[in-house]
Amino acid sequence: METIHKIGRRKTAVARIYLSDGKGEVKVNGKEAKDYFTTAQLVYKVNQPFLLTGTEGSYNVNVNVFGGGITGQAEAIRLAISRALCHIDIEHRGALKPEGLLTRDPRMVERKKFGQKKARKKFQFSKR
C-alpha cells in the first residue's frame, strides 16, 4: 500500500497525516502520541477512528500539526485519520459517519468588535 496523505482542520489547527501499513505507531511532530498529548482523553481522540473501524495496530501514522491548542490539534488529527480510512475502504464510512468523525466542525472564535471589551462583552455602562 502506498502512503496516503490527508488533511484535517479544527479551529485554527491544521493536521497533515501520512498513513501507511505498519504496527500502529502514531507519531505527532516527531514524538509518540502519548508523549505529545498530555491527557489520556486526547490520545483516545486520536485513536478513536481506529477503534471504531477495528483497524488498531495495522497502520502507522506520521502527523505534522500546527496552530491552535492541543485539543483542536487532536480533533484535526482525528478528522484526517477518518478521511484516510474512508479512502482506504469505503466500508469504514458506515462506522465513522454516525459518530460524527467525518464532519468538519465549522465553529471558530468570534472576532473582537471595536468599542467593546471582547466579542460579546461590552465596556461597563455608566448612566451618570
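Laid out as a table, the results:
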quantity	calculated
Separation in nanometres of the label points that stand 7 Å from Cα toward Cβ, at Lys34 and Lys113	4.9
Helix axis angle, 40-53 relative to the chain longest principal axis, alpha carbon, degrees	50
Label point distance in nm, Thr3-Gln124, each placed 7 Å from Cα along Cα→Cβ	5.7
Net charge contributed by nearby residues that have their C-beta within less than 9 Å of Leu79 (K/R +1, D/E -1)	+4
With Cα atoms, 0 to 90° folded angle of helix 70-88 axis to the chain main axis	40
Rg/Rh for the chain, where both radii come from Cα atoms and Rh is the Kirkwood radius	1.15
Cβ-based net charge around Thr55, under 13 Å, with every Lys or Arg adding one and every Asp or Glu removing one	-3
Structure-based [θ]222 nm, the chain - -39500 (n - 2.57) summed over DSSP H runs of at least 4, per residue, nearest 500	-9500 deg cm²/dmol
Residue with peak Gaussian network fluctuation, the chain [Cα springs, cutoff 10 Å], from Asp89, Asp105, Asp21	Asp89
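Every read-out reported here was derived from the displayed coordinates using simple, explicitly stated rules and does not represent laboratory data. Just so it is clear, the model here is predicted, and its values are computed rather than measured. Note that we place each Cβ from the backbone using ideal geometry, even for glycine, and neighbour counts take in every protein chain shown.
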